[in-house]
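Inspection log for the structure reproduced underneath, given as structure tokens.
The values are calculated or read from the model by the stated rules, or taken from the named source; none is laboratory data. What you see is a predicted model, and the numbers here were worked out from it, not measured in a lab. Note that each Cβ is placed from the backbone with ideal geometry, even for glycine, and that neighbours are counted across all protein chains shown. Heads up: the accessible areas ignore ligands, DNA and RNA and are worked out on the full protein's heavy atoms, side chains in. Shrake-Rupley method; radii C 1.70, N 1.55, O 1.52, S 1.80 Å.
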Amino acid sequence: MRERLIIGILLALLVVGILLLDGHLAAQVPPTGPAFGLDVGDWVRNGALSTLLIVVLTLLTVHELVRLARLRSYHPFGGTAHFFAAALVIGPYVSYNLSPVTGGYDESWGLLWLALALAFMFLRQSARYRTQNAMENLAITTFIIFYAGGLAGFMTKLRMEVGGQTGVTLLLFSVFIVKITDTGAFFVGRALGRHKLVEWLSPKKTWEGFFGGLATAVVCAVLLGHWLVGAGWLRFDGRYLSPTGAFVVLGLLLGLVSVAGDLAASLLKRDAAVKDSGRVFPGLGGVLDVVDSPLLAAPLIWLFWTRLCPVQA
């Protein structure tokens, strides 16, 4: 428990530090002059560190998913999965920073990368295995690419589409709510847990912990959200919901998806007959053990802040 707490705090400080530095650069880095029609400084200002952080975590997650698949005697294309998962994360960053030349930000790059990945996998399958386990190999590799890279790419999309310090703030705020749900569920479940949630999948999870995590998510979303608004970090346009209503809805949604994301990763680990996805973080397990909930929550976070409840950058 002590090791888990220490590693968790150090990891959180590292991630928060990188994202805060990215937000600082968004406001401080001056233009460096055009190169081939582009302002090089924009590439530093507009999400370079956030994108790099997400790419690193994505590649480590892909590595663990490939390992889990191979423990089940499947044969995913590891190199292909790493490359195209990273491409799905980097795509929104490149598209946004190329917009002065291309004439606008284009969201279709993700589908293009998935199409290219599928075409490349067909070639790899034909050259390496011919017809042997063709559908199985293609399906598993596609799943890994989308699960690790496609979902994580929504974090990059949020950072780029909102932009600047506000984009970083929303990313940090939302991921914090997802992870604090886990923390609330853990402590409430440990103190009061009696009724199992899904015993065959995750024996330690209880209904008491589930509702405790959900309550923690809502309370923290409202309190921290109002602090961010009061400090001027967030500005609502008031189109659909008041700040309080938005934070309550966000807390409920992210609390639910947080539990679902954790259970989804548990399903994969149980299928591979392992307790943790890896050993990168002592006491915590692998990268997937840490990012499982934020991964599944990423599309919802993007949808909420860019479509359902947009804020002013």
*Accessible surface of H75 in the full protein assembly, 1.4 angstrom probe, to the nearest 10 Å²?*
80
*Members of K157/K179; K157/K205; K179/K205; K157/K204 lying beyond 27 Å, as alpha-carbon distances in this model show*: K157/K205; K157/K204
*asked:* Let me check I've understood the local charge: for G79, count other residues with C-beta under 13 angstrom from its C-beta, Lys and Arg +1, Asp and Glu -1. What total comes out?
replied: +2
*Would you work out what percent of the accessible area of the chain, with all protein chains in place, is carbon or sulfur (probe 1.4 Å)?*
69
*By the scheme Lys and Arg +1, Asp and Glu -1, what is the net charge of all other residues having a beta-carbon under 14 Å from that of I301?*
+3
*Where in the chain are the DSSP H helices whose C-alpha atoms run 18 Å or more along the long axis and whose mean Kyte hydropathy is at least 1.6?*
48-71, 287-303
_Could you compute how much accessible surface T142 exposes when probed at 1.4 Å, giving the result in Å² to the nearest 10?_
50
*With the chain treated as a Gaussian network of Cα nodes joined by springs under 10 Å, which of A12, A272, A298 yields the largest mean-square fluctuation?*
A12
_If R₀ is 35 angstrom, what is the calculated FRET efficiency for the pair V94 and L241, using the beta carbon separation as r and rounding to 0.05?_
0.60
*When only Cα pairs under 8 Å and 6 or more residues apart are kept, what is the percent relative contact order across the chain?*
20
*asked:* Let me make sure I get this right: for region 107-243, a, b and c are the square roots of the gyration tensor eigenvalues over alpha carbons, sorted descending. Under 1.5 in a/c it's rounded, otherwise prolate if a/b > b/c, else oblate. Which is it?
replied: oblate
*asked:* With just the Cα atoms defining each centre, how far is region 198-236 from region 168-189? Give it in Å.
replied: 6
*Note the full-extension length gain between K204 and F187 as 0.36 nm times their separation in residues minus their Cα-Cα distance, in nm to one decimal.*
5.0 nm
*Ranked highest first by the average count of other Cβ atoms within 10 Å around their residues, in what order do 279-290, 46-57 fall?*
46-57, 279-290
_On a full-extension model of 0.36 nm per residue, what is the gain between T131 and L13, subtracting their alpha-carbon distance, rounded to one decimal in nm?_
37.7 nm
